[in-house]
Amino acid sequence: MAPHGDSEPYHPVDAVAAGTNAALLTGGAGFFAASIKNAMRAKNVGALAVFTKTGGLIFTWTAMGGAFEFARNASANLRQKHDHYNHAIGGFCAGAILGLHSGRMPAVLGWGVSTALLMSGFEFSGGTLLNRKTESAEMEEWDTKEKLRTLRRRPIEETIALVGEGRGIQPPGYQERRRERLRETYGFEVNPVSADGS
């Protein structure tokens, strides 16, 4: 999400609902990853091994996604703005959960800081891996195209000479010329009807 300007009012986000949705989504992805890991074992361990052998992977993914989204939205609500610092705070929480596996505080801090830098840098540089354009880039492109259209716009007389009259193109004097063509071709006069009755 692009940073909001100072003139735009901030709209609070439900951090608990966003964290729960993210936890469910990343938990599903963790379950999928644990299932793949379970299926790739050389020894047949059974279907419940997804939870017994690789359940930590599911928990880690669920906790990371929920912590990231909750911390990001809670910090945005507290700070009253959307920017890359919120992603850094959420990234630190998610990275700290990833570092808990080692059981050492330097690893927790290291994973937290590295994930915070990664997430804030990603958001600061546009927040997408795809070639999507931001709203400001689309507006700049629109302005550029409008300037080009204005510079290269042909006069209406030249367009009418190339395309011709009719089919929605009605230059000045079109109705009179149309009545004259109908009188010459079909031999009857078309009297214009005025809406005001005159």
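Numbers at a glance
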quantity: Test: G121 is under 22 Å from the mean Cα position of the chain (by Cα) and either modelled with pLDDT of 90 or more or among the basic types (K, R) (or both); calculated: no
quantity: Which numbered condition L24 fails, given (1) surrounded by 14 or more Cβ atoms within 10 Å (Cβ to Cβ); (2) touching a Ser or Thr at 6+ places or on another chain (Cβ under 9 Å); (3) within 23 Å of E123 (Cα to Cα); calculated: (1)
quantity: Any chance T128 is over 23 Å from Y10 (Cα atoms) and of a type in the set (V, I, T); calculated: no
quantity: From F32, F51, residue being at pLDDT 90 or above, more than 20 Å from the chain's Cα centre (by Cα) and farther than 30 Å from D83 by Cβ; calculated: F32
quantity: Number of positions in segment 149-191 that are loosely packed, with under 11 Cβ neighbours inside 10 Å and β-branched (V, I, T); calculated: 3
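A quick yes/no check of all residues on (1) in contact (Cβ under 8 Å) with a residue 40 or more places away in the chain; (2) under 24 Å from N21 (Cβ atoms); (3) touching a strand residue (DSSP E or B) at 6+ places or on another chain (Cβ under 7 Å):
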{"site": "T60", "(1), (2), (3)": "yes, yes, no"}
{"site": "S75", "(1), (2), (3)": "no, yes, no"}
{"site": "D83", "(1), (2), (3)": "yes, yes, no"}
{"site": "V113", "(1), (2), (3)": "no, no, no"}
{"site": "L117", "(1), (2), (3)": "no, no, no"}
{"site": "D143", "(1), (2), (3)": "no, no, no"}
{"site": "R154", "(1), (2), (3)": "no, no, no"}
{"site": "T159", "(1), (2), (3)": "no, no, no"}
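The values are calculated or read from the model by the stated rules, or taken from the named source; none is laboratory data. The structure presented is a predicted model; accordingly, all values stated were derived computationally and were not measured. A quick note on method: Cβ atoms are made from the backbone with ideal geometry, for glycine too, and the neighbour counts reach across all protein chains shown.
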